[in-house]
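The structure appears below as structure tokens.
Coordinate-derived values only; no laboratory data. Note that the coordinates shown come from a computational prediction; the quantities given were computed from them, not determined experimentally. All Cβ positions, glycine included, derive from the backbone under ideal geometry; neighbour counts span all protein chains shown.
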Number of protein chains: 2
Amino acid sequence: MEMDTHLHHEEQHLRSSDLITDIVIGMSDGLTVPFALAAGLSGAVSSTGIVVIAGIAEICAGSIAMGLGGYLAGKTEQDHYSAEVKREFYEVDNLRDREIQETKEFFASIGLSRQLQEQATAEVAKDKEQWVNFMMKYELGLDKPDPKRATKSALNIGVSYIVGGLVPLSPYFFVDHPVNGLKISAALTLVCLYVFGWLKSKVTGVNPWGGALRVMLIGAVAAGAAFGVARLFGP
Amino acid sequence: MEMDTHLHHEEQHLRSSDLITDIVIGMSDGLTVPFALAAGLSGAVSSTGIVVIAGIAEICAGSIAMGLGGYLAGKTEQDHYSAEVKREFYEVDNLRDREIQETKEFFASIGLSRQLQEQATAEVAKDKEQWVNFMMKYELGLDKPDPKRATKSALNIGVSYIVGGLVPLSPYFFVDHPVNGLKISAALTLVCLYVFGWLKSKVTGVNPWGGALRVMLIGAVAAGAAFGVARLFGP
């Protein structure tokens with residue numbers, strides 16, 4: 001009972017932060033790439049108009065690739081899971097000896113004696129549905145995917161990418177020369193990357209100060225490299 | 001014995017395709033976003049030079065975000081795993097009753113009788129290391145991360161992103177007007193996206209024809225949207 005409450009609590013904790021996780025992932029990615037692209041262009045062109053158009057095109061492309069890509073990946077995962085469930089039911093019916101053997105191997109792998117391997121396998125295999133669930137989870141390592149979750153998650157990440165991408169781009173709307181835009185954009189974006197890196201680390205359970213620094217550094221390195229390379233190839 | 005050979009074979013199969021998986025993931029992403037960015041800019045600017053510079057800046061930014069991001073994520077995963085192993089060893093020593101209870105709950109969840117739950121738990125808990133491995137894998141669902149794999153994978157994906165990104169960009173090096181570049185770029189990239197979508201589906205175990213179409217469609221939608229939006233905001 002105590003365990004049940006414990007598990008239930010964990011699950012709740014996870015659920016409430018799902019949205020936050022999506023937002024933070026989408027935003028920290030959305031901050032990074034458009035920021036670096038804008039920085040790169042700032043070193044090579046003299047009109048903020050081009051930076052803005054390229055930035056908007058990138059935000060479009062990136063959010064669709066992440067959002068639609070994530071959505072279709074979710075659908076694919078579901079199809080894959082359903083196909084594997086069918087296959088396991090078929091195997092349990094038609095290749096019973098092999099499945100019995102595989103179940104015993106599982107119990108052997110966690111250190112049970114030969115006698116307990118036999119007994120535990122017999123009990124698990126008593127109920128066909130229970131047996132298939134067991135094989136899915138512990139032989140194949142597949143968790144039942146939540147169909148709604150994938151769709152929602154993809155949408156949340158896509159929208160957050162757009163919002164995140166508008167942060168590094170916004171200064172370019174208001175200044176005349178790209179290099180001036182870059183100065184404000186860099187200050188604004190690095191602060192935001194640090195904050196979102198901190199939150200991202202919190203939700204993924206990593207040391208938040210180190211994680212924040214890492215996320216900010218990736219953004220800075222990407223922007224610096226893009227700036228340097230674009231200047232090299234620039235007019 | 002037969003099972004051992006079977007598992008060994010699967011593992012080998014997986015290992016030999018790790019590199020292919022990385023390349024395919026990096027390339028299909030590298031094809032999509034730079035392609036869409038270049039398409040967007042082609043609708044809004046009149047110089048291929050700007051498309052090339054923006055494309056190079058994006059490839060820089062995207063490959064660093066994916067490669068360095070993946071590398072650091074791999075490091076983080078290792079730290080997380082080590083921390084959890086330590087915690088489990090602590091709990092096995094100091095919160096033995098709770099861990100015994102959790103192990104029993106696992107055996108109850110797969111359908112073992114009360115008597116077998118007790119016996120199986122006693123056998124698993126006999127060896128401390130074996131017990132911790134069991135808890136890591138089946139209570140926490142954590143697999144021991146391969147340190148070399150994460151680094152290599154990040155590098156492979158980053159480099160593949162660069163190679164993939166150069167495909168949609170290459171036509172712009174040779175033509176005068178962006179719209180002409182776009183025509184060749186679209187034909188070339190959509191064919192490549194189809195081929196890489198097919199390979200990606202093969203390695204991830206999805207229907208390859210459907211998967212190929214999906215990957216190609218994401219690229220086409222992203223490019224179309226970027227083209228439309230950039231033209232809207234363009235000069």
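A few points about this structure:
- Calculated log₁₀ intensity ratio I(q)/I(0) where the Debye formula runs over C-alpha points of the range A:133-185, q = 0.16, 0.18 Å⁻¹: -0.64, -0.71
- Test item: A:31-41 mean partner chain Cβ contacts at 10 Å: 5
- In degrees, nearest ten, helix B:48-94 long axis to first principal axis of chain B (Cα): 10
- Label 7 Å beyond Cα on the Cβ vector: B:Asp143 copy-to-copy distances, nm: 1.5
- For the peptide B:219-232, the mean number of other protein chain Cβ atoms found within 10 angstrom of a residue's Cβ is 5.
- Near the amide H of A:Ala125, within less than 5 Å, lie no amide hydrogens of residues on another chain or at least 5 residues away, with H placed in the peptide plane.
- Ordering A:Met136, A:Met216 from the fewest to the most neighbouring beta carbons within 10 Å gives A:Met136, A:Met216.
- Other protein chain Cβ atoms within 10 Å, averaged over every residue that makes up A:106-115: 5
- Cα-based reach from A:Lys144 at 13 Å (exclusive), listing aspartates and glutamates while leaving out same-chain residues under 8 positions away: A:Glu77, A:Asp79, A:Glu84
- Rounded Å value of the spacing that divides the Cα centres of the range A:144-179 and the range B:181-205: 25
- C-alpha center-to-center spacing [the range B:37-51, the range B:52-106] in angstrom: 40
- Set A:Lys104/B:Lys126; B:Lys75/B:Lys104; A:Lys148/A:Lys200; A:Lys104/B:Lys104; A:Lys183/B:Lys152; A:Lys126/A:Lys152 screened for pairs whose C-alpha atoms are more than 30 Å apart: B:Lys75/B:Lys104; A:Lys183/B:Lys152; A:Lys126/A:Lys152
- Only DSSP H runs of four or more residues enter the estimate; each adds -39500 (n - 2.57), and after division by the residues of chain B the mean residue ellipticity at 222 nm equals -30500 deg cm²/dmol.
- Relative contact order [Cα under 8 Å, 6+ residues apart], chain A, whole percent: 41
- Nearest-first distances (nm) between copies at A:Val179, label 7 Å from Cα via Cβ: 3.5
- Residue and distance for the chain A Cβ closest to the axis that moves A onto B, in whole Å, come to A:Ala54, 2.
- All-pairs alpha carbon distance profile, the range B:27-159, 5 Å steps from 0, percent: 2, 9, 14, 12, 10, 8, 8, 7, 7, 6, 5, 4, 4, 2, 1, 0
- Shortest-first nm distances, A:Ser47 label point to equivalent points in other copies (7 Å, Cα→Cβ): 0.9
- About its Cα centre, the dipole of chain B is roughly 980 debye, where the only charges are +1 on Lys and Arg Cβ and -1 on Asp and Glu Cβ.
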